[in-house]
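The values are calculated or read from the model by the stated rules, or taken from the named source; none is laboratory data. The structure presented is a predicted model; accordingly, all values stated were derived computationally and were not measured. Heads up, the Cβs are rebuilt from the backbone with ideal geometry, glycines too, and the neighbour counts pull from every protein chain shown. Ligands, DNA and RNA are stripped out before the accessible areas are found, and what is left, the full protein with its side chains, is counted by its heavy atoms. Shrake-Rupley method; radii C 1.70, N 1.55, O 1.52, S 1.80 Å.
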Amino acid sequence: MSPAQLPSDPPGPEGPGSERPPSWMGAPGYSPYRDDLPAHAPMPGAPPYPSAEEHPPPPIGRPAARTGFRAALGAAAVWAGVNLALVLIVTGAPPSTTDVARFLGALLVPTLLAALAVWLIARGRAWPFWLLVLAAAPFFWVLRAVAAQAGG
């Protein structure tokens, strides 16, 4: 007896022309293949796959929507308005018009820089405004804190 042959297997050919099926066909968990399956159907027991999504054809002659600088500036201006409202609630109205002008000037630089940073990130695609507002928040507040420290 050769080492490749197990004692439980009787000797004999198992080729395509033989009468005897291969030994693995009787293994536990084996399910025979059926030829009555429709073309391109998943095998029995396979999970159902969703059909491929049909994408519309790309627009011809129309550029893709992009985020403009005005939208990013509006998102940063939301946070400048929040800052202005918080200052007015906490400290009250400024005593003179020069203080108002100085405060608004101090808000202008962080607002413009935050808008520029958000626009550089979002200019490739059309972002919804709420997402621009969320993206502008960290830029505005960090720049506002740096400007407040630098200003005294």
query = Taking the stated definitions as given, is Val109 without any contact (Cβ under 8 Å) to a residue 60 or more places away in the chain and open to solvent by 80 Å² or more (accessible area, probe 1.4 Å)?
reply = yes
ask   = Pro94 versus (1) at pLDDT below 95; (2) in a helix (DSSP H, G or I); (3) under 17 Å from Ala148 (Cβ atoms): which is the lone unmet condition?
value = (2)
request  = Out of Ala147, Ala117, Ala137, Ala126, report the one residue that is free of Cβ contacts under 8 Å to residues at least 40 places away in the same chain and hydrophobic (A, V, I, L, M, F, W, C).
outcome  = Ala117
Every residue from region 107-152 that is among the charged types (D, E, K, R) and not in a loop (DSSP other than H, G, I, E, B) = Arg144
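Take the conditions among the hydrophobic types (A, V, I, L, M, F, W, C) and surrounded by 12 or more Cβ atoms within 10 Å (Cβ to Cβ) and apply them to Ala101. Does it pass? Talk me through it step by step, then tell me what you get.
Numbers: among the hydrophobic types (A, V, I, L, M, F, W, C): yes; surrounded by 12 or more Cβ atoms within 10 Å (Cβ to Cβ): no.
No; evaluated as a whole, the condition is false for this residue.
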ask   = Looking at region 56-69, which of the residues that are open to solvent by 90 Å² or more (accessible area, probe 1.4 Å) and modelled with pLDDT under 80 is nearest to Trp127 (Cα to Cα)?
value = Pro63
Residues of region 70-93 satisfying the condition of being more than 11 Å from Ala115 (Cα to Cα), open to solvent by less than 50 Å² (accessible area, probe 1.4 Å) and without any contact (Cβ under 8 Å) to a residue 60 or more places away in the chain = Gly81, Ala85, Val87, Gly92
